[in-house]
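The structure appears right after this line, and notes come after that.
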Amino acid sequence: MQNNTISFRVQPGGTLRGEARVPGDKSISHRSIMLGALAEGTTCVTGFLEAEDCLATMNAFRAMGVDIEGPQDGQVCIRGVGLHGLRAPKEPLYLGNSGTSMRLLCGLLAGQHFDSVLTGDVSLSRRPMKRVTEPLRTMGAVVETTEAGTAPLKIRGSTKLRGIHYDMPVASAQVKSCLLLAGLYAAGRTCVREPAPTRDHTERMLAGFSYPVVREGDTVCVQPDGRLVACDIDVPGDISSAAFFMVGAAIGEDADVTLRHVGVNPTRTGVLDILRLMGADIQVVDVREMGGEPVADIRIRSSRLRGIEIPQELVPLAIDEFPVLFVAAACAEGETRLTGAEELRVKESDRIQVMADGLQALGIDAQPTPDGMIVRGGKLSGGKVNSHGDHRIAMAFSVAALRAAGLIEIDDCANVNTSFPSFVELARDMGLNISVIFGEIL
Ligand code: S3P
């Protein structure tokens with residue numbers, strides 16, 4: 001077997017300065033394809049994230065007969081087929097590395113009149129799917145997994161779904177969204193209660209497509225038999241991608257970075273709260289509303305960070321930002337403690353273990369715990385780390401170089417393309433001395 005590999009080599013030091021617009025939000029881009037496909041009429045999207053994960057969602061809908069134009073310069077037009085217009089795919093739908101595609105599609109496909117199979121790469125095939133298949137089964141869905149509860153997922157069509165009231169054991173937007181999408185096809189009302197607020201892009205976008213969604217406190221409900229009316233969508237910049245530059249600016253010398261048009265939905269801004277608690281100099285300006293999502297410009301300058309106890313209620317609101325927040329913690333004075341974040345162990349990699357291993361390789365005292373980490377701020381040395389194919393780990397260690405004493409080499413970085421294909425170029429433009437090494441494993 002031959003695999004192309006990509007490593008990053010990042011020289012120590014440098015200063016991030018300037019203005020940038022990070023690529024479109026990944027969560028919103030996925031949903032724009034899904035809901036656009038189910039709508040009546042044509043939905044045109046601007047700012048769409050042209051990265052592997054979202055392209056996997058796009059290809060899945062094309063394979064189900066949806067005509068999609070683009071992407072070109074972030075523009076996509078989807079000719080919706082209506083809630084009942086999808087066609088049986090001829091082959092299994094391959095979703096690459098994308099957990100969002102697999103979990104959301106699983107709910108949506110459980111309500112179709114045809115059978116389907118969802119597959120993914122090695123990482124996605126290890127990730128837990130029972131969290132969606134179990135509640136879907138109580139709705140009457142027939143979904144087969146491996147014995148371990150993982151993909152491939154074999155979904156039987158033409159089953160009669162019934163609405164349920166589901167009390168989610170984990171705070172997961174993917175589980176919530178999966179069940180709401182199944183709920184569009186279920187008899188009666190489907191309600192999902194979340195133990196803590198999670199990103200609400202599905203609810204906002206359903207409402208944007210004129211589909212009624214009712215929120216009652218911590219519970220969100222949909223009824224079947226509505227229709228989605230096509231609407232245009234402007235995808236804001238992804239705060240999860242912006243986070244690398246925020247931390248890079250906060251930990252670096254003389255840094256001053258402005259990130260334009262970033263999504264600041266309050267279910268996503270935990271990273272801003274955590275960095276502010278650590279003492280970062282962050283300004284959020286010109287907050288405006290674009291197509292149902294708040295957007296702002298974010299300015300960050302060099303700051304003296306201090307270690308903190310991360311408030312547990314912020315964990316789901318910053319769930320994708322912990323790899324880079326651990327880097328901030330490594331550069332802070334004193335100790336940072338994270339608890340209540342066991343979900344990090346089942347992301348694209350085990351982000352607690354992989355980050356602790358990498359930080360230790362760079363000379364930092366980072367102690368993994370079952371549900372978090374204790375990081376003592378210190379001096380980052382140079383060294384070699386492995387991202388284990390996890391895009392956010394690769395990018396987090398890249399910005400760590402801004403404060404390192406030596407060269408940082410990061411292996412297994414090809415999956416940066418799943419969420420942020422222009423990362424290297426943009427990081428270089430902003431002042432990071434990063435280069436890409438292409439190799440092969442035989
Ligand atoms: C996502 C939800 C989050 C997040 C993932 C994207 C989404 O996962 O980690 O990157 O688009 O709904 P969980 O909902 O499983 O926490």
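The values are calculated or read from the model by the stated rules, or taken from the named source; none is laboratory data. Since we're looking at a predicted model, the values are computed, not measured. In this analysis, Cβ positions are derived from the backbone assuming ideal geometry, glycine residues included, and neighbour counts consider all displayed protein chains. Calculation scope for accessible area: heavy atoms of the full protein, side chains included, ligands and nucleic acids excluded. Shrake-Rupley method; radii C 1.70, N 1.55, O 1.52, S 1.80 Å.
Does segment 39-57 include one or more residues that are of a type in the set (S, T, N, Q), within 16 Å of the ligand (Cβ to nearest atom), open to solvent by less than 50 Å² (accessible area, probe 1.4 Å) and not assigned by TED's automatic domain parsing to the domain that holds residue 251? Outline the logic, then answer.
At the first step, the residues of segment 39-57 found to be of a type in the set (S, T, N, Q) are 42-43, 46, 57.
Next, from what is left, pick out any that are within 16 Å of the ligand (Cβ to nearest atom): 57.
Pick out the ones that are also open to solvent by less than 50 Å² (accessible area, probe 1.4 Å) and you get 57.
Remaining after also requiring not assigned by TED's automatic domain parsing to the domain that holds residue 251: 57.
Checked segment 39-57: at least one residue is of a type in the set (S, T, N, Q), within 16 Å of the ligand (Cβ to nearest atom), open to solvent by less than 50 Å² (accessible area, probe 1.4 Å) and not assigned by TED's automatic domain parsing to the domain that holds residue 251.
To keep it simple, each residue is scored yes or no on (1) under 25 Å from the mean Cα position of the chain (by Cα); (2) within 16 Å of the ligand (Cβ to nearest atom); (3) under 27 Å from residue 157 (Cα atoms).
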{"site": "191", "(1), (2), (3)": "yes, no, yes"}
{"site": "198", "(1), (2), (3)": "yes, yes, no"}
{"site": "209", "(1), (2), (3)": "yes, no, yes"}
{"site": "217", "(1), (2), (3)": "yes, no, no"}
{"site": "228", "(1), (2), (3)": "yes, no, yes"}
Identify the single condition in (1) out of contact with any Cys (no Cβ under 8 Å at 6 or more places or on another chain); (2) open to solvent by 20 Å² or more (accessible area, probe 1.4 Å); (3) touching a residue at least 12 places away in the same chain (Cβ under 8 Å); (4) more than 15 Å from residue 321 (Cβ to Cβ) that residue 277 does not satisfy, given that it satisfies every other one. (4)
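If only one of 427, 396, 401, 366 is farther than 17 Å from residue 325 by Cβ and surrounded by 22 or more Cβ atoms within 10 Å (Cβ to Cβ), which one is it?
Values: 396 fails: farther than 17 Å from residue 325 by Cβ; 401 fails: farther than 17 Å from residue 325 by Cβ; 366 fails: farther than 17 Å from residue 325 by Cβ.
Among 427, 396, 401, 366, only 427 is farther than 17 Å from residue 325 by Cβ and surrounded by 22 or more Cβ atoms within 10 Å (Cβ to Cβ).
Would you check which residues across segment 419-441 are outside any helix (DSSP H, G or I) and within 21 Å of the chain's Cα centre (by Cα) and list them?
First, pick out the residues of segment 419-441 that are outside any helix (DSSP H, G or I): 419-422, 431-441.
Listed by number, the residues that qualify are 419, 420, 421, 422.
Which members of segment 346-363 meet the condition of being over 20 Å from the mean Cα position of the chain (by Cα) and open to solvent by 10 Å² or more (accessible area, probe 1.4 Å)? Spell out the reasoning first.
Keep residues of segment 346-363 that are over 20 Å from the mean Cα position of the chain (by Cα), which gives 356-363.
Once the filter is applied, which keeps residues that are over 20 Å from the mean Cα position of the chain (by Cα) and open to solvent by 10 Å² or more (accessible area, probe 1.4 Å), segment 346-363 yields 357, 360, 361, 363.
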Report, by residue number, each residue of segment 90-104 that is within 16 Å of the ligand (Cβ to nearest atom) and either farther than 12 Å from residue 53 by Cβ or of a type in the set (Lys, Arg) (or both). 103
Among the residues of segment 325-345, which ones are within 22 Å of the chain's Cα centre (by Cα) and either crowded, with 17+ Cβ neighbours inside 10 Å or assigned to a helix (DSSP H, G or I) (or both)? 325, 326, 327, 328, 329, 338, 341, 342, 343, 344, 345
Consider residue 435 carefully, then state whether it is open to solvent by 40 Å² or more (accessible area, probe 1.4 Å), more than 23 Å from residue 352 (Cα to Cα) and in contact with a Pro (Cβ under 7 Å, 6 or more places away or on another chain). no
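Working only within segment 238-260, note down all residues that are away from the ligand (no atom under 16 Å from the Cβ) and open to solvent by less than 20 Å² (accessible area, probe 1.4 Å). Break it down into steps so the answer makes sense when it comes.
Taking segment 238-260 as the starting set, the residues that turn out to be away from the ligand (no atom under 16 Å from the Cβ) are 245-260.
245, 246, 247, 248, 249, 250, 251, 252, 255, 257, 259 - these are the residues of segment 238-260 that are away from the ligand (no atom under 16 Å from the Cβ) and open to solvent by less than 20 Å² (accessible area, probe 1.4 Å).
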Any residue at all in segment 147-154 that's within 23 Å of the chain's Cα centre (by Cα), surrounded by fewer than 19 Cβ atoms within 10 Å (Cβ to Cβ), assigned to a loop (DSSP other than H, G, I, E, B) and charged (D, E, K, R)? no
Restricting attention to segment 152-181, which residues are touching a Gly at 6+ places or on another chain (Cβ under 8 Å) and within 15 Å of the ligand (Cβ to nearest atom)? 174, 177, 178, 179, 180, 181
Is there any pair linking a residue in segment 281-306 that is of a type in the set (S, T, N, Q) to one that is open to solvent by 20 Å² or more (accessible area, probe 1.4 Å), with Cβ under 8 Å and at least six apart or on different chains, and which? 283/299; 302/253; 302/254; 302/256; 302/281; 303/279; 303/281
How many residues are under 16 Å from residue 109 (Cβ atoms) and either more than 14 Å from the ligand (Cβ to nearest atom) or in a loop (DSSP other than H, G, I, E, B) (or both) when one looks only at segment 120-132? 2
